[in-house]
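Note sheet for the following structure.
Taken together, the values in this text are just the output of simple stated rules run on the coordinates, not laboratory data. On a predicted model such as this, the values are computed, not experimentally measured, just so you know. Virtual Cβ from ideal backbone geometry, glycine too; neighbours counted across all protein chains shown.
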Ligand code: ADP
Ligand code: ADP
């Protein structure tokens, strides 16, 4: 079953006199419970598409559906509700609140969610059961990113959208972050899209979409996917 579909999506940005075409007609569908990886050179449109899929931005033309929900004809208010109830975001930088513990950072989200996990449950899923009372400054970069992931999944989103989640981490730490994402996909069945430059991440994906000049130039299904232990 398709969770999210984009059809012939374009996005143009006007900066002064200059029009930049960030997306030039993209077709993509994310299947229920799949891990999709978005690869491609800088500036090829990956973040733009991810933001449109997550309701943070809107397409210039084309169709975007979350299940039978038409995102291109949604109001700001409907998009806000869509983000709140259905989408978790993970970015390169963690944006944790420094004065709150790991548990409290996650609890901020669970307090306003409809069917949340307990913060300790979400943190345990990313391997941080022993770090509940630590403040961000007491955690490594990889641990902070895993707190951010726990925060994103605690509301049980249908879609988890990750923009360069390992971009600020060394490769060893990055692996732990990727393992956490795999565990979430396996245990919760969350559909996950990950933008990355990390080639190793291909091995964990069900599908890889390669972007070039605002288009998807290539799409491959991974028959030899590495699954979590
Ligand atoms: P990627 O994620 O693959 O690096 P982006 O989606 O960030 O690519 O960017 C695609 C193109 O759109 C780039 O040329 C970028 O400069 C441009 N772009 C992205 N966001 C904006 C914006 N807010 N205003 C103007 N141009 C933008
Ligand atoms: P939420 O309902 O998830 O608390 P908010 O309404 O507070 O979201 O924020 C609007 C959206 O912006 C959220 O979906 C949030 O995840 C997203 N967001 C958070 N950090 C960033 C960022 N660095 N860049 C773009 N969007 C972000």
Quick one: Cα centre-to-centre distance for segment 165-183 and segment 205-225, in angstrom?
20
Given contacts defined as C-alpha pairs under 8 Å and at least six residues apart, what's the relative contact order of segment 33-152, whole-number percent?
22
Cα gyration tensor shape for segment 170-214, rounded if a/c is under 1.5, else prolate or oblate
oblate
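What number, rounded to the nearest 500 deg cm²/dmol, is the helix-based mean residue ellipticity at 222 nm of the chain, given -39500 (n - 2.57) per DSSP H run of at least four residues and division by all its residues?
Here the helix-only value at 222 nm equals -8500 deg cm²/dmol.
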Above 27 angstrom, tally the Cα pairs of segment 1-140 and express them as a % of all pairs, no decimals.
36
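Looking at the square roots a ≥ b ≥ c of the eigenvalues of the Cα gyration tensor of segment 37-104, which shape do they give, rounded for a/c under 1.5, prolate if a/b is larger than b/c, or oblate?
Taking the square roots of the gyration eigenvalues as a ≥ b ≥ c, segment 37-104 is oblate.
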At the level of C-alpha centres, the distance separating segment 1-72 and segment 118-150, in angstrom, is 30
Give the peptides 220-226, 103-109 in descending order of average Cβ contacts within 10 Å, highest first.
103-109, 220-226
Let me have the relative contact order for the chain, percent, based on Cα pairs under 8 Å that are six or more residues apart.
27
I need the peptides 71-77, 202-208 ranked by packing, meaning the mean over residues of other C-beta atoms within 10 angstrom, with the highest value on top.
202-208, 71-77
Restricted to the chain, the DSSP antiparallel beta bridge percent, nearest 5, is 60
Over all distinct Cα pairs, what is the inverse of the mean 1/r for segment 98-229, reported as the Kirkwood hydrodynamic radius in Å?
15.5
